[in-house]
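Enquirer: Mind having a look at this structure? Questions to follow.
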2 protein chains.
Amino acid sequence: MAREATRRRERRPTSSGPRQMRFGAVRNRYPPIAMLSADEVESIHHASLRLLAEIGMEVMHDESRGLLKAAGAEVDEATQRVRFDPALIEERIRTVPASFTLQARDPAKNLTVGDGSLIFAATGGPAFAHDLDRGRRPGNYQDMCDYIRLVQSVNVIHQEGGCPCEPTDLPADSRHLDFYLAAIRLTDKNWQCWALGGYRVEDAIEMLSIALGQTREQLRANPATLTIVNSNSPLKLDVPMGEGLCAMARAGQPVAMTPFTLSGAMSPVTIAGALAQQNAEALALIALSQIVAPGAPVMYGGFTSNVDMRTGAPAFGTPEYAKAQIASGQLARRYNIPYRSSNVTASNAVDVQAAYEGGMSLWSTIMGGVHLIEHAAGWLEGGLTASFEKLILDAEMLQLMRSFLEPLKVDEANLAFEAMQEVGPGGHFFGAQHTLARFDHAFYEPLLSDWRNFENWSDSGARTGTERANAIWKELLKSYEQPPLDPAVDEALEAYVARRKEEIHATR
Amino acid sequence: MAREATRRRERRPTSSGPRQMRFGAVRNRYPPIAMLSADEVESIHHASLRLLAEIGMEVMHDESRGLLKAAGAEVDEATQRVRFDPALIEERIRTVPASFTLQARDPAKNLTVGDGSLIFAATGGPAFAHDLDRGRRPGNYQDMCDYIRLVQSVNVIHQEGGCPCEPTDLPADSRHLDFYLAAIRLTDKNWQCWALGGYRVEDAIEMLSIALGQTREQLRANPATLTIVNSNSPLKLDVPMGEGLCAMARAGQPVAMTPFTLSGAMSPVTIAGALAQQNAEALALIALSQIVAPGAPVMYGGFTSNVDMRTGAPAFGTPEYAKAQIASGQLARRYNIPYRSSNVTASNAVDVQAAYEGGMSLWSTIMGGVHLIEHAAGWLEGGLTASFEKLILDAEMLQLMRSFLEPLKVDEANLAFEAMQEVGPGGHFFGAQHTLARFDHAFYEPLLSDWRNFENWSDSGARTGTERANAIWKELLKSYEQPPLDPAVDEALEAYVARRKEEIHATR
């Protein structure tokens, strides 16, 4: 009874906000679904090696091209084209670690990447912010900060995803500093930095060094940030991404190599072709990272989706997307590299389309054995917008999946013979001893779902899920508590940011 | 080129309604997900046999009790309690066919049940109808007919689900005749009849005999309707359901035996216990069907969900529901009996909750190896309401799943090396020969999803998915064409209904 009471207390929210799950690691015990036969995986593997050998990649970043040449790749400096011998790729990707950990400011929120662990990261990169009250507007500093506060407050989210919306009201060349400072101050979860140019990576690492009180050597041994590097599909690596990749690898911080292979636009109109291209680009970038620093942590990123052939508009959460994510998981496992995918939708509103496209994404990526779901919460409009209501919708969907992944207990007590004997045919289990002993923790408790009957629901305003989500994020913001940070550390970070801004603006 | 043109023409809708998939069988090639170990499946099996042996079921229907007694069950007439020796159950369920077919009025729409086939049935049984324009109202004849017209018009739906909404404006004891006549006239798909009492089953079979021009013997060999029999959980079979079960088995028409095991209310608060009870009730009813008529076609029905422990309200599409459906599939496969489950939600509106609870249902039942998804389209409010917009939302989600289940082609042509050679780094695939040759059929084309960018979507009214669904069902109704029926057959059916109504109302 005392134990029951304790457990009951533990279920109460830590602060006064809405009831929700506690922060916790998620393990996926299901064997991943296979979409491709072993032979088909090999076909895609070999097709991608052939692409890299015969067509190659255009590498615009001089340093990367130089490193690849030194490692044995065939480089045509006039066209910046780099061709890779299959053996070079196969040999270099061998040093990739199968899993690694990520430090958070709160060590209780450190993350394991790979090894059966499943990480939910908030959306990163949108240009706009949106909520029901204020509509859609260009991303700004205030929205960015509020969104990071929500990422901190929603327990099912493990990681900040690399800036929820671009603070377009701040200077473009230094706003990464404002984001990093906000991410360190407003959340004690791990956060993702920007790969766009080497200096943005360097600033992240310097600021993490101050925030965590660790040397760069220590950070190299225990990475504390992660970033996404996209190739410019088809088959191109641009200068800022090349710089970011090299800087991250050198610093021992992980990079999710994620080709942006939209089938029918930047990739062949067939999903198999788009996957071959995705695989080629991912392997080339992964090989580059291992040439820069053997053993540098990386992820295999799958983002293959398709366009609407009538309009050219990108489509997300489609059947093609679902298949591509499951197939990408098989490819990542072939190389024993942790796998990153995304929770996506093309919807412009937080409506049924956003929910079912998200459901297609979450089920296919999770059943496909994903390790990191980027944009797991908040992504709208094909990634152009960070939505406050979508964050809550996704939080509910992530909680549902996390609860679904908890194993079903089958033992004498759970098989409940005595309870059925007590209740008998035609009876009711509400008052049974077996029920009372498990009353409080029996089932998943929702954040967003409303299970009241039609009359009660109507009487209290007949609010849709999206309208309820609006109330929930406001309640979360109201009950938000900033995680404490040593004032000396805070001051040192502020000084760093001030100094760097001066330097950056002086060189404009 | 001629072939391409033909294929393009085939993709055009047959009538002038919205673009959608054609009617077609769905095969699920995925090996089903396992939630339980083989030992755990056996534990549930043995727990359910123990329930039937030691607690037994209350069988209120005299004939069923008599048949069970004659077959060797232990019957206490005073309490109507029937206890089953485990060997009796194990022996009797052996005669269940592993698969069977269902005739439709249009033979092109005949259905295979079991054997890797996946059937989507429309919702059956709601008391209310709902749409955005007219709100929620008690089910009525006009709504019932319109809904059946939509079931006919939406190609991804394979089967009418047993009356979309109760026509409460017609007399209760004869309205099944009005439903049957409407089902025969308004759709040429297979439809489900009512199990509530033997005479309702008999009327269905007589009317099918007239409609199809087949004797009852022919119908027994080639069943043409299906029904759901629910036990009164816990562990009870009432008189109307007992009558319906016996009448269907005797006529060789299939029954999906579906215990209504809501964990925490009519079943133990633990999912394992609820599954043991579900399995016990299902096995008892299946054994009864085989005692009535060995080899009678049946399905194993899984419906285990849970209640909200704070309010007692039933919850659907929950993590517990998803786990129970996957486990139910494992149990059904243990007995080699086709498996029926459902697409459910507790939401009161066609909102994000309806979509994500539906997504949880569809993914878990399909990945769990279901053969018939009852309520696949249209169910709202825990089954109290047939929603016109939900029908369209579900149709889109079913199309997505059907497209997802089509295999990914990996061969030379699909791996698209030449296309990538043609386009090269930094190029675009829109104009490539490989793209042009596949332009028209490359990707899934949505019924409901809107993939336009924010500006175009806003300019055309910024309609949510639910609002678009409202326009789509109206457009479908407008373009609906009643499938032709021989006037002599129509007349004979009308005469049958008139005669039966007289008989029924004379005995009131």
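Enquirer: Which numbered condition in (1) within 12 Å of chain A (Cβ to nearest Cβ); (2) more than 26 Å from B:ASP143 (Cβ to Cβ); (3) part of a helix (DSSP H, G or I) is the only one that B:PRO446 fails?
Expert: (3)
Enquirer: Tally time: how many residues in segment A:221-252 are surrounded by 24 or more Cβ atoms within 10 Å (Cβ to Cβ), touching a Pro at 6+ places or on another chain (Cβ under 6 Å) and more than 14 Å from chain B (Cβ to nearest Cβ)?
Expert: 1
Enquirer: I've got another one for you. Hey, among A:VAL41, A:VAL26, A:VAL75, which residue is within 30 Å of A:HIS434 (Cα to Cα), surrounded by 15 or more Cβ atoms within 10 Å (Cβ to Cβ), in contact with a Lys or Arg (Cβ under 6 Å, 6 or more places away or on another chain) and at pLDDT 95 or above?
Expert: Criteria check complete, one pass: A:VAL26.
Enquirer: Related question: Pairs under 6 Å by beta carbon, first residue closer than 24 Å to A:THR385 by Cβ in segment A:354-371, partner among the polar types (S, T, N, Q) and assigned to a loop (DSSP other than H, G, I, E, B), six or more apart or different chains?
Expert: A:ALA354/A:THR345; A:ALA354/A:SER347; A:GLU357/A:THR345; A:GLY358/A:ASN343; A:GLY358/A:THR345; A:SER361/A:ASN343; A:LEU362/A:ASN343
Enquirer: Would you mind stating whether B:SER458 is free of Cβ contacts under 8 Å to residues at least 40 places away in the same chain, of a type in the set (Ser, Thr, Tyr) and within 14 Å of chain A (Cβ to nearest Cβ)?
Expert: Answer is yes for this residue.
Residues are listed down the side, and each one gets a yes or a no for (1) among the small types (Gly, Ala, Ser); (2) loosely packed, with under 15 Cβ neighbours inside 10 Å; (3) in contact with an Asp or Glu (Cβ under 7 Å, 6 or more places away or on another chain):
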position: B:LEU448; (1), (2), (3): no, no, yes
position: B:GLU455; (1), (2), (3): no, yes, no
position: B:ASP459; (1), (2), (3): no, yes, no
position: B:ILE472; (1), (2), (3): no, no, no
position: B:LYS478; (1), (2), (3): no, yes, no
position: B:GLU494; (1), (2), (3): no, yes, no
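Enquirer: I would also like to ask the following. When the residues of segment B:303-320 are filtered to those that are out of contact with any strand residue (DSSP E or B) (no Cβ under 7 Å at 6 or more places or on another chain) and assigned to a loop (DSSP other than H, G, I, E, B), which remaining residue is surrounded by the most Cβ atoms within 10 Å (Cβ to Cβ)?
Expert: B:GLY317
Enquirer: Return yes or no: is B:GLU91 in a helix (DSSP H, G or I) and of a type outside the set (Phe, Trp, Tyr)?
Expert: The answer is yes for B:GLU91.
Enquirer: For A:GLY465, are the conditions met, namely being surrounded by fewer than 18 Cβ atoms within 10 Å (Cβ to Cβ), under 23 Å from B:TYR321 (Cα atoms) and of a type in the set (Gly, Ala, Ser)?
Expert: Taking the combined requirement at face value, the residue does not satisfy it.
Enquirer: Taking the residues in segment A:283-302 that are open to solvent by less than 20 Å² (accessible area, probe 1.4 Å), out of contact with any Lys or Arg (no Cβ under 6 Å at 6 or more places or on another chain) and not in a helix (DSSP H, G or I) as candidates, determine which candidate is nearest to the other protein chains (Cβ to nearest Cβ).
Expert: So the residue we want is A:GLY302.
Enquirer: Are any residues in segment B:113-129 out of contact with any His (no Cβ under 9 Å at 6 or more places or on another chain) and open to solvent by 10 Å² or more (accessible area, probe 1.4 Å), and if so, which ones?
Expert: Selection gives B:ALA127, B:PHE128.
Enquirer: To continue, here is another question. Please go through segment A:130-168 and give me each residue that is buried (at least 24 other Cβ atoms within 10 Å of the Cβ) and in a strand (DSSP E or B), ordered by number.
Expert: Matches in segment A:130-168: A:HIS130, A:GLN159, A:GLU160.
Enquirer: Does segment A:344-366 contain any residue that is surrounded by fewer than 24 Cβ atoms within 10 Å (Cβ to Cβ) and either of a type outside the set (Phe, Trp, Tyr) or at the interface with chain B (Cβ under 8 Å from one of its Cβ atoms) (or both)?
Expert: no
Enquirer: Among (1) more than 8 Å from chain A (Cβ to nearest Cβ); (2) under 24 Å from A:LEU447 (Cα atoms), which single condition is B:ASN336 missing?
Expert: B:ASN336 satisfies all of (1) more than 8 Å from chain A (Cβ to nearest Cβ); (2) under 24 Å from A:LEU447 (Cα atoms) except (2).
Enquirer: How many of the residues in segment B:253-281 are free of Cβ contacts under 8 Å to residues at least 40 places away in the same chain and either among the hydrophobic types (A, V, I, L, M, F, W, C) or more than 14 Å from chain A (Cβ to nearest Cβ) (or both)?
Expert: 1
Enquirer: How many residues are away from chain A (no Cβ under 11 Å) and either hydrophobic (A, V, I, L, M, F, W, C) or part of a loop (DSSP other than H, G, I, E, B) (or both) if we restrict to segment B:23-40?
Expert: Residues meeting the conditions: 6.
Enquirer: Let me ask you something else. I'm trying to understand the selection: among the residues of segment A:51-92, which are small (Gly, Ala, Ser) and more than 31 Å from the chain's Cα centre (by Cα)?
Expert: A:ALA53, A:GLY66, A:ALA70, A:ALA71, A:GLY72, A:ALA73, A:ALA78, A:ALA87 - these are the residues of segment A:51-92 that are small (Gly, Ala, Ser) and more than 31 Å from the chain's Cα centre (by Cα).
Enquirer: If you go through segment B:399-418 one residue at a time, do you hit one that is more than 7 Å from every other protein chain (Cβ to nearest Cβ), within 14 Å of the chain's Cα centre (by Cα), of a type in the set (D, E, K, R) and outside any loop (DSSP other than H, G, I, E, B)?
Expert: no
Enquirer: Also: Of everything in segment A:419-443, what is hydrophobic (A, V, I, L, M, F, W, C) and either crowded, with 18+ Cβ neighbours inside 10 Å or within 7 Å of chain B (Cβ to nearest Cβ) (or both)? Give them in sequence order.
Expert: Passing the criteria: A:ALA419, A:MET420, A:VAL423, A:PHE429, A:PHE430, A:ALA432, A:PHE439, A:ALA442, A:PHE443.
Enquirer: Residues of segment A:450-508 being among the acidic types (Asp, Glu) and part of a loop (DSSP other than H, G, I, E, B), which ones?
Expert: Those that are among the acidic types (Asp, Glu) and part of a loop (DSSP other than H, G, I, E, B): A:ASP450, A:GLU481, A:ASP486.
Enquirer: On to the next question. Which residue out of A:LEU384, A:LEU391 is crowded, with 23+ Cβ neighbours inside 10 Å and either facing chain B (nearest Cβ under 7 Å) or closer than 29 Å to A:LYS474 by Cβ (or both)?
Expert: After ruling out the rest, the residue left standing is A:LEU391.
The values are calculated or read from the model by the stated rules, or taken from the named source; none is laboratory data. This is a predicted model, so every value here is computed, not measured. Note: ideal-geometry Cβ built from the backbone for every residue, glycine included; neighbour counts use all protein chains shown. For the accessible areas, the whole protein counts, side chains as well, though only heavy atoms, and no ligand, DNA or RNA atoms are used. Shrake-Rupley method; radii C 1.70, N 1.55, O 1.52, S 1.80 Å.
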